[in-house]
Amino acid sequence: MQQLDNQEILMKLKSSKQFWDIKKKIKQGFSDQQKIGVNDIQKFAQSCEIEDQLIKLISHILKKSKKRETLKEDQIEFLNTSKIKWTELLFKNLDIVHQKTKNQEEDDTNTDSKLYIYDEKNLLAFLQTFKQQQSNNLYQNVQFQSNKILNINIPLKSSQSILDKYQYLLLQEELSDEKINKIRKQIENEHLDIELEKIAQTFVPNGERCLLYLKYFEFDHQDTVLQQHFVKLQKECLNQLFYDELLEIDGHEISEDTFYFVFQEQILTCLKCFIRDRTIKENIRIQLQSGIKKEHAEFQLPITGFFPFKNISKYVAPLCYLSTKIHIIYALFKEFFCRYFCFLHAISSESNSILSLCMQIEEIVSTRSPKLFHHLKVIGCDTLKLIIHQLVYCFIGDMDPPHILTIYDQIIGHDSLEILVILCVGFLNKYKSKLLLAKNQENVQQIFSELREDRFQELVQYAYKQ
Amino acid sequence: MLIISISLQQNYSSNLKFKTSFRNCILEAFKRRLWKETEGDDWDIMWAEKEWIHEVLDHTHLQSNQKINHFRNHYELTRKDLMIKNFKRYKKNLEREGKQEEANNYNFFPLTFHLPSEYPIFVEEFKRQSTNSDTKTAWIMKPIGKSQGKGIFIFNKIQQISQWKNTLRYNQDNPQAEAYIVQKYIADPLLIGGKKFDMRIYLLCTSYQPLTLYLYRTGFARFTHHRYDSEDISNTYVHLTNVAIQKTSDNYDEKLGGKWNLQTLKLYLMTKYGQEKVAETFYNIQMLMIRSLQAVQKIIINDKHCFELYGFDILLDAQLKPWLLEVNASPSMTSNTPVDFELKCGLLDDVFTIIDLEKVLTGNEEQIGGFDLICKGNPIKLPINSTFTTYLGAFNNRQQQLKKIAKSTAIRLAQTYQESQTKAIEIGSKGQKEKEEKDKQMRSSSKGPQVMQNGGNGNNKPNNLTKQNTIIKRNTTNLPALGTVQNKSNIKRQPLQNAGQQQQQNQQSQSNSSKKNNPNEDSMLSANQKLQKLTQESKINQFQPYKQQSQYNEVMGMGVVSRNLQKNEE
C-alpha cells in the first residue's frame, strides 16, 4: 500500500470543494478579530464540527489512495479448488466451441448462432454440485436436510438485515421539482464518495446520472485520458481474436431488444476493446478464473483473465442511455464490471458473489414464502432456476432502461449487489399466484413468455409483501 | 315498422363507400371499418394519389358528403421550394406587422436557396460561410419534387457541384432544367448509438379555416446508415460507427426496420437529458408544426371536402433543437413490420373517425383515438397545472379513448333519439296512435341502456350522463410508462401510497413490522394490481390487431350504434 505524505494530502485537500468551504467558514468565524492563534482555531473548529469534517475528508483521501487488491484466494479452501475445476470446465467448453466454429467454416449451411463458452444456467449447475461435495467430504457429521439447492457453509449476512437495509425504498416520496434541482446542484458540487453514495441511494434525477457515475468513479476530469485509452484499444481491435466471433454472436442477441438494437454496434465495439484491455486484470476486484496456461495461443484466456460469457453485451446496453460518447460508455462499463458485475460470475464466499446472493434468495423465499418454495421444488422448477437469468443479468431486458439504471444507482449507493436479492424476491412474489397454479415447467415458462412489464419500485414493494 | 325516420338515421348507414388505388395499410384500414370499396364515383371517401387531385379534382363536382385526402394546392406546403418560399414570406409579413417575436420563431428551417434561379446569391453566401468559419460548411442538394431521398447529395466545395452545373439540367433555358434547392447542412445532428436519425410525425388537418389540427401521439425515429462520404464528416464519432457496420446489422433492419417509436425515443432522451429538456423539445416540435401550417393557412384553398394527413420529417440537433426537413402530403402507408402495420392501421382508423363520415361526433372532442386536438383557430394551450406540455410521444391510449368516445356518443345519440320520440308523442294524435307510440317508446328506452352497456355502463338515466359526457376530456388517467413526468411517477409515486401504510404498520407493531399482515395492504395491492392489469392490457392492445369482429365493433362504438338503431328499425 502506498502511503501519502503530508504534502500530498494537502494537495488533495485543496482539490476538494469541501476544504475551501471549511476555510471560508473559519475565516468568517474570525472576521472581526485581529490576532488569531492556533489554539483559537482549534477551539473554534471543535465547537462547530469543522474538525470532524476535516477528519472525515482526510480519511476519505487516504482511503481513496489505497488500491483495492484483486481477490485471488478465497478464505474457504474448498471454493479455491472449485474455482480451478470451474476454469477447467470452461476450457473444455472452449474446445467444443472451437470445434463447432471449425465445423461451421467447413459447412456454411449449418450455422449455430448460439455459440458461447458458458451461460447463467451452466454457472448455476456448477454451483449446485457444491452441496453434494461439501457434505460428503467436509461435513459428514452434519446432516443437511434441506430443500435448498445451495446450502453451503459460508459466512452469510442474515437475510433480515438485507431486508431491513433496503426497506427505506418503500418510503420514497415523489420529489418536488425544487428538490430535484437541489439534488442536481448537489451532484455538480459534490466530490465525496459518501455523499455521492447517499444521493444514489435515494434519487438520481435523469440527466445527471452520467455525471454522478463519472464523479463516483473519479473520471470527471479525465475525458481526454479516457478517450485516448479507448482509441488505443480500438486500434488493437484491428487484430482479430477468436473471441471477437463469440462477441459478435452475442451482440446479435442484444439486437432483438427494441430498446438496444440501435446501440448494437457501439456495444460490440466496447466489448471488443474490453477483452483487449490490459488494465482490467489489475482493476478487477475478484479473479474470476484461475489461470491455467495453455500452449496454443488460441486456447488461452483473454488478457482480462476470464472468458467472455453469454449475454455479456447486456451489461453494456443500459449504459448507452447515459452518454453519446462511446469512450464514456466504455469507461462506465469497465468500472461497473470490475467493481460489481464480476462478482456475479465469481466462485467465492464474498458477500456479493453469485453464491451468496443465490443463498440469500433461497433463504428469504423459503422462510417467507415456504408454500411457493415447496411448490416450485415439487414441479421440478427450483426457485433459483427461475430467477437466475434475472439475477445474473441484473434484470436487463426484463425492465425498461430507466428502471435498470435505478438498479445501477442502488448498486453504487450501497456498493453492493444486494439490491438484486430484493428484486428477485419481489419478482417471485409478483408472479406467486400464477406460479402456484403452474403444474409443470412448461406452465412456468408460459407465464414468463407472456408480455409483462416489471418495474423497479413495484418489485421492491412485492419483496416486502408477505 | 319503419316509423323511426329521424333525419339522423340516413347518416348512420353502414354502407359507406370508399375508393382508393392504394393496396397497403390504407385498404386494410378501410376494410376493418367494414366500408365497401367502389370503383365508380359514388364514394363517400376517397384516398387519392396527389396526381389525381391535380388532374381530376378541379373538373369534378363533389357531393356534399364526399371527403378527399388532399387539399387542392397542398404543394404550397409539401413541395420543398414552395414551403421555404412561403415560410420566408410569412416571416417577412410578420416582421412588417411588427410581430418580431413571432417572426423570430420561424427559425426551424435551414438556410435555403432555390437553384438554378438563386444560384448567384447562393455562391455569395457559400463564400461568406467558408471564409467565416474554419471548418468547411457542408451543403445539401435536394431535387424538388422527388421523395424518399432520391437525387440528394452533400458537398462542401463549390467544385463539387460544378459538374452538376455543367450538365443540361442547370441551364435555365433548357426545358429539361431540373430545379433543386440547396440547404445549409445541419452539421451537428443528435446521434443515438452513433447513428443519425430523423423523426416522422403525423399531423392531421381537417380545415384551414379555422385551422384545425390533430397531432398523433405515436410517430417514429428512423435510424440511417450514413450515405455520405467520410470527407463530409468532421465528427470522428460518426466515422467510427461507419466502419463498424457489421453484416449482421442488415438483419435488424429487416426485423425492426431500424425504427424506434416516439415513446422509446422520448424514454431515451429523458434518461439522458432529463424531463424538462425533453418536454421543452417536444413542445417545440408541436409549435413548429402549428407554425408551418399557419404560414400557409391563407394560401391553401380551404375546402370542406378535403382533409390532409401530413408526415413531418423532423431532425433534432445536438442541442435538441428541432429542424423541419420536409412535409409529406402522402406519408408512406406501407409497412415492413407487424408493429408498423398496426401503427399505421390505427392511425388511419383514427383519421377516419375524426373526419366523421358517420356524423356522430360533436366536434368538441379534445382527443380522438391517438390524435390530440392541438389547434382550432388558435393553438390549444394545455392547463397550466398539466404535467404535459404536449401529448406528442406520450402513451398512446387510443383504444381506451375510443371506447370512451363510443360510450359518450352512444349516450348522446340515445338521448337525441329519445327526445325526438317524446316530441313525436306530443305531436302525435290520441287514441290508438298514442298507444302504438307508447309501445315504441318503451322499446326504444329499453334499447337505450343496451347501447350504453356497450360502453360498460348500464345506468338508466341517460339524460344526466349525457351532460357530463358531451365534452370528451382527454384520457390521461392511464399514462403508465411514458408521460413527461412518468419516470418519476413510476418510481416514486407508487411507494407514496404504500408509504403511509407502511408507516402505520411500523407504528402498530414495531417488533415484527414487516411480518405482520396489514389489512390495508391487500386493498392497496389489489388496486395496484388492477392498475397494472390495466396498463398491461393497454400495452398489449396497443398494436394488436382486432382479433374478432365483435372486438372491433366494440372499439368503434359508432358502428354499434348504427347497428342497434337499425335493428330497432326492423
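Taken over region B:47-88, the criterion of being under 30 Å from B:Leu288 (Cβ atoms) and free of Cβ contacts under 8 Å to residues at least 40 places away in the same chain is satisfied by B:Trp47, B:Ala48, B:Glu51, B:Trp52, B:Ile53, B:His54, B:Leu57, B:Leu82, B:Lys85, B:Lys88. For B:Arg227, are the conditions met, namely being more than 9 Å from chain A (Cβ to nearest Cβ), outside any helix (DSSP H, G or I) and modelled with pLDDT under 50? Criteria met by B:Arg227. Of all residues in region B:384-411, those being over 19 Å from B:Leu265 (Cβ atoms), at pLDDT 85 or above and of a type in the set (A, V, I, L, M, F, W, C) number 5.
Restricting attention to region B:328-341, does a residue exist that is at pLDDT below 95 and assigned to a strand (DSSP E or B)? Yes, region B:328-341 contains at least one residue that is at pLDDT below 95 and assigned to a strand (DSSP E or B).
Taking region A:351-466 and the helices (runs of 4 or more DSSP H) fully enclosed by it, the elements with 3 or more residues that are surrounded by 22 or more Cβ atoms within 10 Å (Cβ to Cβ) and more than 14 Å from chain B (Cβ to nearest Cβ) are at A:354-368, A:383-392, A:419-430.
Checked across region A:259-272, the condition of being away from chain B (no Cβ under 14 Å), modelled with pLDDT of 80 or more and crowded, with 17+ Cβ neighbours inside 10 Å holds for no residue. Which of the residues belonging to region A:29-46 are among the polar types (S, T, N, Q) and at pLDDT 80 or above? Across region A:29-46, the qualifying residues are A:Asn39, A:Gln42, A:Gln46. So, in region B:90-126, exactly how many residues are charged (D, E, K, R) and either surrounded by 14 or more Cβ atoms within 10 Å (Cβ to Cβ) or in contact (Cβ under 8 Å) with a residue 12 or more places away in the chain (or both)? Total meeting the criteria: 5.
Per-residue answers, yes or no, for (1) modelled with pLDDT under 90; (2) surrounded by fewer than 20 Cβ atoms within 10 Å (Cβ to Cβ):
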{"site": "A:Asp277", "(1), (2)": "no, no"}
{"site": "A:Glu295", "(1), (2)": "yes, yes"}
{"site": "A:Gly305", "(1), (2)": "yes, yes"}
{"site": "A:Asn311", "(1), (2)": "no, yes"}
{"site": "A:Tyr321", "(1), (2)": "no, no"}
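Identify all residues within region A:192-201 that are touching a residue at least 60 places away in the same chain (Cβ under 8 Å) and either acidic (Asp, Glu) or within 14 Å of chain B (Cβ to nearest Cβ) (or both); write none if there are none. Correct list: A:Asp193, A:Glu197, A:Ala200, A:Gln201. The residues in region A:206-251 that are farther than 19 Å from A:Thr304 by Cβ, within 13 Å of another protein chain (Cβ to nearest Cβ) and in a loop (DSSP other than H, G, I, E, B) can be counted, and the count is 3. Taking the stated definitions as given, is B:Phe126 at pLDDT 80 or above and either in contact with a strand residue (DSSP E or B) (Cβ under 7 Å, 6 or more places away or on another chain) or farther than 30 Å from A:Lys325 by Cα (or both)? It is true that B:Phe126 is at pLDDT 80 or above and either in contact with a strand residue (DSSP E or B) (Cβ under 7 Å, 6 or more places away or on another chain) or farther than 30 Å from A:Lys325 by Cα (or both). If we scan region B:265-280, do we find a residue that is crowded, with 19+ Cβ neighbours inside 10 Å, touching a Gly at 6+ places or on another chain (Cβ under 6 Å), within 14 Å of chain A (Cβ to nearest Cβ) and over 17 Å from B:Thr78 (Cα atoms)? Taking every residue of region B:265-280 in turn, at least one turns out to be crowded, with 19+ Cβ neighbours inside 10 Å, touching a Gly at 6+ places or on another chain (Cβ under 6 Å), within 14 Å of chain A (Cβ to nearest Cβ) and over 17 Å from B:Thr78 (Cα atoms).
The requirement of being within 30 Å of A:Glu282 (Cα to Cα) and assigned to a helix (DSSP H, G or I) is not satisfied by A:Phe44. Restricting attention to region B:48-84, the residues that are in contact with a helix residue (DSSP H, G or I) (Cβ under 7 Å, 6 or more places away or on another chain) and assigned to a helix (DSSP H, G or I) add up to 5.
Do we have B:Tyr202 as away from chain A (no Cβ under 14 Å), crowded, with 17+ Cβ neighbours inside 10 Å and modelled with pLDDT under 80 here? Against the criterion (away from chain A (no Cβ under 14 Å), crowded, with 17+ Cβ neighbours inside 10 Å and modelled with pLDDT under 80), B:Tyr202 does not qualify.
The values are calculated or read from the model by the stated rules, or taken from the named source; none is laboratory data. None of the values given here were measured: they were computed from a predicted structure. Methodologically, a virtual Cβ is constructed for each residue, glycine included, from the backbone with ideal geometry; neighbour enumeration extends over all protein chains shown.
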